[in-house]
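The values are calculated or read from the model by the stated rules, or taken from the named source; none is laboratory data. Worth saying up front: this structure is predicted, and the values here are computed from it rather than measured. Note: ideal-geometry Cβ built from the backbone for every residue, glycine included; neighbour counts use all protein chains shown. SASA here: full protein model, heavy atoms, side chains in, ligands and nucleic acids out. Shrake-Rupley method; radii C 1.70, N 1.55, O 1.52, S 1.80 Å.
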Amino acid sequence: MSKNKNNKPVWSSRINKDTSYIFQKVGSSLRIDKRLFKEDLRGSIAHVEMLYKQKIISLSIKNKIVWGLNKIFNEIKRKKFFFNEKNEDIHMSIEKRLFEIIGEDAGYMHTARSRNDQVLTDFKLWLRDSTKEIIKELNLTMKIIIKNAEKNINTIMPGFTHLKNAQPISFAHYILAYMEMFGRDKKRFKNNLENLMENPLGVAALSGTSFNIDRNYTTKKLKFNKPTNNSIDTISDRDFVLDFLYSVSVCSIHISRFSEEFIIWNSDAFKLITLNDKIVTGSSIMPQKKNPDPLEFLRGKTGNAFGNLFSMLTILKGLPLSYFKDLQDDKELVFNSFDQIKYSLQILREILKNFVVNKKRMLELAESGYITSTDLADYMVKEMNYPFRKAYQVTAKIVNLAEKKNKRLDELNFEEIRTIDRKLDKDILNVFDLKNAVNSKKSYGGTSFENIKKMIKKYKKELND
Ligand code: ARG
């Protein structure tokens with residue numbers, strides 16, 4: 001076993017000089033990966049218990065190591081642990097401290113493993129828990145979306161395409177669109193768990209080990225589903241990192257699209273919603289200002305999530321198998337994306353709890369832009385048996401007429417409408433009623449009030465299951 005004296009690295013028996021100070025300083029990942037201390041201790045305990053069970057180490061050495069590791073856990077918890085950047089990373093730091101506590105027997109801990117599989121084990125354990133944490137954050141967010149929908153089933157607003165008034169919708173239907181997006185995010189994070197359930201521990205540096213280890217035992221102990229199949233792939237694989245960073249990126253896109261929409265709707269030009277004072281900030285010079293900074297912050301942060309994903313993709317591209325120092329950056333990227341998506345979802349919930357829907361203004365805007373034109377064309381198809389293309393043309397002429405007369409569609413009188421097509425009947429005027437228009441979209445997934453009520457029930461049930 002290598003002696004681990006004083007402040008020397010474990011490889012000091014081979015490498016005679018201290019690593020250059022600048023590389024020690026910059027190349028150390030301790031400030032980042034100390035976040036993995038719990039997982040590292042857990043992984044090491046499972047490993048030495050397996051070594052003992054397989055008669056590779058004695059009971060007394062195993063007990064000594066486990067005792068030392070538990071002591072280190074308490075030291076870190078109580079902030080009594082000295083994190084020395086010289087020790088490169090959390091794995092070396094813990095091993096070093098174990099030597100200080102129990103002496104030479106600490107050297108048995110690293111039998112039949114490498115830092116390569118150790119890091120991966122810690123990282124997968126951490127990502128497993130963190131992925132579940134994000135799923136919980138998503139659930140909480142989805143519950144608030146439902147509350148907003150419930151309060152706004154009858155709130156009519158313009159639905160937009162190209163940011164031009166398209167067809168009237170219910171605000172509840174709009175906000176429930178985000179239930180679907182966050183539902184897919186949840187599924188994506190859940191799917192990632194499958195790869196995270198494969199245990200890397202025991203593949204050692206890259207080729208496996210000549211010791212008679214039991215990988216199924218550590219798999220069970222660490223609550224993985226199965227050991228990984230190929231030692232070289234295991235060390236080289238960061239697909240699970242990409243999956244996480246991608247899932248965070250997609251979820252960020254959803255948050256960002258929502259933010260952009262709310263920024264527009266909160267603008268003085270639209271005024272469809274009003275943000276509560278809790279989620280705006282002021283200007284240093286313009287006393288009247290209430291700026292939607294939190295929304296802009298969320299939209300901006302999305303770039304950071306993409307950046308992390310692209311960094312990892314780029315690190316992996318062209319990297320030969322198996323371990324290279326390049327890979328060390330994976331943790332910083334993941335921790336950063338995790339923190340970001342977690343606080344982004346929390347900020348999003350604050351926004352969802354602190355805004356007012358300007359129902360009157362929504363209705364007013366929905367009354368402009370000839371928004372019931374499609375309903376008018378549909379009426380001609382249903383009631384007059386016109387082919388849709390003909391109905392479209394007649395409707396376009398009616399819209400042109402309204403535009404010329406500077407009237408809304410519902411302000412045209414029947415005589416004016418009849419100048420376009422003699423066959424039109426008086427009950428055509430009902431078509432312009434926005435409530436009717438919204439409620440007529442009864443096709444599955446459409447904006448009718450009944451559909452929305454059914455969907456809310458379905459989402460509630462799914463969230464409580
Ligand atoms: N801190 C390193 C990382 O996270 C540990 C892996 C060290 N392995 C090695 N062969 N140098 O990537």
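Would you mind getting the Kirkwood hydrodynamic radius of segment 134-181 from its Cα pairs, rounded to one decimal in Å?
Across segment 134-181, the inverse of the average 1/r is 11.5 Å.
Can you give the calculated 222 nm mean residue ellipticity of the chain, where each DSSP H run of n ≥ 4 adds -39,500 (n - 2.57) and the sum is split over every residue, rounded to the nearest 500 deg cm²/dmol?
Taking each H run of at least 4 residues, the total per residue is -19500 deg cm²/dmol.
Percent of alpha carbon pairs in the chain separated by more than 27 Å?
66
For segment 166-236, give the magnitude of the charge dipole about the Cα centre (Cβ charges: +1 Lys/Arg, -1 Asp/Glu; no others), in debye to the nearest 20.
Here segment 166-236 has a charge dipole of around 220 debye.
Provide the per-residue ³J(HN,Hα) series for segment 85-96, in order, calculated from phi with Karplus coefficients 6.51, -1.76, 1.60 and θ = phi - 60°, each as a whole number of Hz, with x at glycine and proline positions.
3, 4, 8, 6, 8, 5, 5, 5, 5, 5, 4, 4
About the Cα centre of segment 97-174, how large is the charge dipole given +1 on each Lys and Arg Cβ and -1 on each Asp and Glu Cβ? Please answer in debye to the nearest 20.
Value, rounded to 20: 580 debye.
Keeping all protein chains in position, work out how much accessible area Thr314 exposes to a 1.4 Å probe, and write it in Å² to the nearest 10.
Accessible area of Thr314: about 90 Å².
Using the structure shown, select from Lys278/Lys453; Lys86/Lys331; Lys164/Lys342; Lys64/Lys132; Lys55/Lys226 the pairs with a Cα to Cα distance greater than 24 angstrom.
Flagged as over cut-off: Lys278/Lys453; Lys164/Lys342; Lys64/Lys132.
Which order do the peptides 430-438, 334-342, 59-67 take when ranked by the mean count of other beta-carbon atoms within 10 Å per residue, highest first?
So the order, starting with the most tightly packed, is 334-342, 430-438, 59-67.
Over what distance in Å are the Cα centres of segment 212-291 and segment 318-353 separated?
Rounded to whole Å, the Cα centres lie 8 Å apart.
Starting from the coordinates of the alpha-carbon atoms of segment 1-94, obtain the Kirkwood hydrodynamic radius over all distinct pairs and give the value in Å to one decimal.
14.8
Given the options Ile347, Gly68, Leu363, identify the residue whose Cα lies farthest towards the positive end of the charge dipole of the chain (+1 on Cβ of Lys, Arg; -1 on Cβ of Asp, Glu).
In the chain, that residue is Gly68.
Please work out the Cα center distance from segment 36-115 to segment 369-446, rounded to the nearest Å.
That distance is 76 Å.
With all protein chains present and a 1.4 Å probe, how do Glu364, Glu194, Glu260 order by accessible area, largest first?
Accessible-area ranking of Glu364, Glu194, Glu260, largest first: Glu194, Glu364, Glu260.
Between their Cα atoms, which of Lys124/Lys147; Lys143/Lys360; Lys186/Lys353 are more than 29 Å away from each other?
The pairs that break the limit, which is 29 Å between Cα atoms, are Lys124/Lys147.
Would you kindly derive the ³J(HN,Hα) couplings of segment 259-266 from the backbone phi angles with the Karplus curve 6.51 cos²θ - 1.76 cosθ + 1.60 (θ = phi - 60°), listing them in order in whole Hz, with x for Gly and Pro?
Each residue of segment 259-266 in turn: 4, 4, 4, 5, 5, 5, 5, 7 Hz.
How would you classify segment 270-393 from its alpha-carbon gyration tensor, with a ≥ b ≥ c the square roots of the eigenvalues: rounded for a/c under 1.5, else prolate if a/b is greater than b/c, otherwise oblate?
The shape class here is oblate.
Which one, Phe335, Thr121, Phe414, projects farthest toward the positive side of the charge dipole computed for the chain from Cβ point charges (K/R +1, D/E -1)?
Working it through, the farthest residue towards the positive pole turns out to be Thr121.
Would you work out the charge dipole size for segment 38-95 about its Cα centre, treating the Cβ of every Lys and Arg as +1 and the Cβ of every Asp and Glu as -1, and quote it to the nearest 20 debye?
Dipole size: approximately 380 debye.
In bins 10 Å wide, starting from 0, what share of all Cα pairs of segment 242-341 does each bin hold, as a percent?
All Cα pairs, binned at 10 Å, distribute as 15, 34, 24, 16, 8, 3 percent.
Kindly sort Asp105, Asp425, Asp330 by accessible area of their heavy atoms, largest first, with the probe set to 1.4 Å.
So, going from the largest accessible area down, we get Asp425, Asp105, Asp330.
Can you list the aspartates and glutamates whose alpha carbon is less than 15 Å from that of Lys77, not counting same-chain residues fewer than 8 positions off?
Within the straight-line limit of under 15 Å, Lys77 reaches these aspartates and glutamates: Glu39, Asp40.
At q = 0.13, 0.20 Å⁻¹, what is the log10 ratio I(q)/I(0) for segment 87-202, with the Debye formula run over Cα points and no solvent?
-0.71, -1.05
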